[in-house]
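A short write-up of the structure that comes next.
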Amino acid sequence: MSENADRFQRVAGDFLARIEAVPADRWTSPSPCPGWTARQVVAHVINEQRRILATLRRTEPKRLYGVAVAEMGSQPAVDDQADLAAAWGEIGAGLVEAVDDPACAKVQLPTPVGPMPFVEVVDALPEDVLIHTWDLARATGGDEQLDAEAVVHVFEKFRPLDEALRQPWAFGPRITPPPGADVQTEFLCFVGRQP
């Protein structure tokens, strides 16, 4: 397994662990994503990453474990009894496989800076899942500690794209981190989160 596949597997596993740890009465809790509940954060990640995986496999995204398909950036409908952990487990595993699949390398994916081949964006693949792992944990009182190596890695990839990322469909304004902030706090502030 490549370094990128290993990194995404760790991040995907951390997100799954946070999903599985959500108390039943916390799914409707507000998240750091304006207007989204904890459940909507998970549904968003499932929808976005499912679309990436379908593009890489050259298939159409399909309904999965009670989570409907929506356009990129939109909220999918979610059945009351949807199995969010099973949906994410399947998508996460599929993306780990795709990272090392040569057939996926040249597939064009949409990015905040325009379409790019998967091979050029795979380094930053964990970002959406990584950030929303923190969002979910914050919303539900879960473990907010992120994979330290993945945070450093994604942060290094994002710093040069600072202004390109300040779009309504990407990240909001940066927040000034407190003095002496650790790398995770600096990263979260960079992507517009208030740790």
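The values are calculated or read from the model by the stated rules, or taken from the named source; none is laboratory data. Given the structure is predicted, the values throughout are model-derived calculations rather than measurements. Don't worry about glycine lacking a Cβ; one is built from the backbone with ideal geometry, like all the others, and counts go over all protein chains shown. Keep in mind that these areas ignore ligands, DNA and RNA; they rest on the heavy atoms of the full protein, side chains included. Shrake-Rupley method; radii C 1.70, N 1.55, O 1.52, S 1.80 Å.
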Starting from the Cα-Cα distance between E163 and A181, subtract it from 0.36 nm times their residue separation and give me the gain in nm to one decimal. 4.3 nm
In Å and whole numbers, how far do the C-alpha atoms of the stretch 1-154 stretch along each principal axis, longest first? 43, 33, 27
Ranked by GNM mean-square fluctuation in the chain (Cα springs under 10 Å), the top entry among G114, G89, G172 is G114
Shape call for the stretch 63-195 from the C-alpha gyration tensor, a ≥ b ≥ c root eigenvalues: rounded (a/c under 1.5), prolate (a/b greater than b/c) or oblate? oblate
Residue separation times 0.36 nm, minus the C-alpha to C-alpha distance between D79 and A17: what's the value? 20.2 nm
Principal axis box of the stretch 4-44, alpha-carbon based, largest edge first, Å: 32, 21, 14
Take peptides 75-83, 60-68 and line them up by average Cβ neighbours within 10 Å, highest first, as a rough protection proxy. 60-68, 75-83
Over the stretch 85-152, with a single point scatterer placed on each C-alpha, what log10 of the ratio I(q)/I(0) does the Debye formula yield at q = 0.23, 0.26 1/Å? -1.12, -1.21
Rounded to whole Å and sorted largest first, list the principal axis extents of the Cα atoms in the stretch 1-74. 36, 28, 23
Determine the per residue accessible area of the stretch 18-118 with all protein chains present and a 1.4 angstrom probe, expressed in square angstrom. 50 Å²
